[in-house]
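Written below as structure tokens is the structure these notes are about.
The values are calculated or read from the model by the stated rules, or taken from the named source; none is laboratory data. Bear in mind that the values here come from a model prediction, so they are computed numbers and not experimental data. Note: ideal-geometry Cβ built from the backbone for every residue, glycine included; neighbour counts use all protein chains shown. Only protein heavy atoms, including side chains, enter the accessible area calculation; ligands, DNA and RNA are left aside. Shrake-Rupley method; radii C 1.70, N 1.55, O 1.52, S 1.80 Å.
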Amino acid sequence: MPDDLQPLQQGPLQRGPGNTIAPTGAGGAMDLAMSEAETLERPPGTGTIPGGAPGGPGAKPRSLWSDAWRELRRNPVFIASGLLIVFLVLIAIWPGLIASGDPLSCNLAKSQEGSQPGHPFGYDTQGCDVYTRTVYGARASVTVGVCATLGAALLGSLLGGLAGFFGRWGDALLSRTADIFFGIPVVLGGLVFLSVITSTTVWPVVGFIVLLGWPQISRIARGSVITAKQNDYVQAARALGASNTRLLLRHVAPNAVAPVIVVATIALGTYISLEATLSYLGVGLRPPTVSWGIDISNAAPQIRNAPHMLLWPAGALSLTVLAFIMLGDAVRDALDPKLR
């Protein structure tokens with residue numbers, strides 16, 4: 001048989017140290033780089049997952065939440081703000097961990113005195129320990145911020161999600177109602193609404209913040225749901241006969257909740273600042289409740305004679321608001337793939 005009719009030699013042929021000649025079904029040969037040859041020899045079922053890490057058989061791609069958690073763990077801003085928030089929550093729940101005194105125990109003989117052993121922040125006008133009141137003031141501020149955020153997020157997400165999913169007259173009614181609430185100045189509304197309430201607990205302030213805070217979150221939830229329900233997987237599930245409840249809970253809501261979480265996290269710090277503002281004006285929290293806003297209001301007239309009375313509660317308030325805003329920024333960067 002002539003040489004040109006001899007069958008091709010089976011198996012790869014070596015042609016130099018860097019390349020491999022692999023047989024093809026067409027009777028010819030093609031040059032493959034060494035990495036491509038190794039890919040051909042890899043057993044079926046193996047592959048790589050995003051990021052270059054090898055994956056075993058049936059390896060699943062990472063989800064948005066797992067990717068976000070990986071980004072957050074590497075973000076020093078998230079770690080610093082998270083540790084500070086954990087510390088604030090701990091002292092809000094158990095203030096006795098770092099403060100052994102009574103915030104309502106005062107001695108007029110020590111009025112406006114400065115730092116002393118065992119009392120590093122000095123005393124206020126009534127002779128109360130500023131350090132103890134600053135520590136105990138975290139409880140009211142954190143309680144108002146967390147409860148108001150949860151209430152506004154739940155109410156706004158529910159109304160906005162339903163309006164965005166079903167549309168029609170419900171969407172129009174929600175939009176016009178939200179416009180009415182957006183037209184109410186927050187501080188002026190607080191002066192009018194809270195001035196007629198005599199309760200000294202945190203719940204009237206929480207209710208007022210929820211009342212004026214839900215429209216912002218509802219608009220975010222509405223827009224996110226409208227975007228999510230137009231995706232192909234939602235249309236495919238609808239074509240397969242999925243009910244509106246299943247579409248909303250299983251397909252739309254999990255993919256529309258990320259913007260709501262980001263806005264709610266940033267709003268938490270804003271709500272704490274709003275509570276301090278209303279308490280400073282005398283319509284928010286009231287004595288005997290211990291609040292940073294109340295202490296700042298009492299210290300403002302004496303800022304020249306005893307600046308320490310204003311420095312410590314105002315510094316604690318600023319640090320708390322900054323921590324929640326930084327946490328919200330870190331969560332936003334992690335949940336938005338466009339910012340990576």
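See the values below:
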{"item": "Exclusive hit being within 30 Å of P254 (Cα to Cα), in contact (Cβ under 8 Å) with a residue 24 or more places away in the chain, assigned to a helix (DSSP H, G or I) and open to solvent by less than 50 Å² (accessible area, probe 1.4 Å), set A138, A148", "result": "A148"}
{"item": "Positions within region 180-199 being free of Cβ contacts under 8 Å to residues at least 24 places away in the same chain and either charged (D, E, K, R) or surrounded by fewer than 14 Cβ atoms within 10 Å (Cβ to Cβ) (or both), in sequence order", "result": "I180, G183, P185, L188, V192, V196, T198, S199"}
{"item": "Matching residues, region 256-314, being open to solvent by 30 Å² or more (accessible area, probe 1.4 Å) and not in a helix (DSSP H, G or I)", "result": "L281, G282, R286, P287, P288, T289, I303, R304, N305, P307"}
{"item": "Test: residue in region 171-178 that is crowded, with 18+ Cβ neighbours inside 10 Å and either of a type outside the set (S, T, N, Q) or in a helix (DSSP H, G or I) (or both)", "result": "yes"}
{"item": "Condition met for L162 (in a helix (DSSP H, G or I), over 29 Å from A323 (Cβ atoms), open to solvent by 30 Å² or more (accessible area, probe 1.4 Å) and at pLDDT 90 or above)", "result": "yes"}
{"item": "Verdict on Q112 being on the phi > 0 side of the Ramachandran plot and assigned to a loop (DSSP other than H, G, I, E, B)", "result": "yes"}
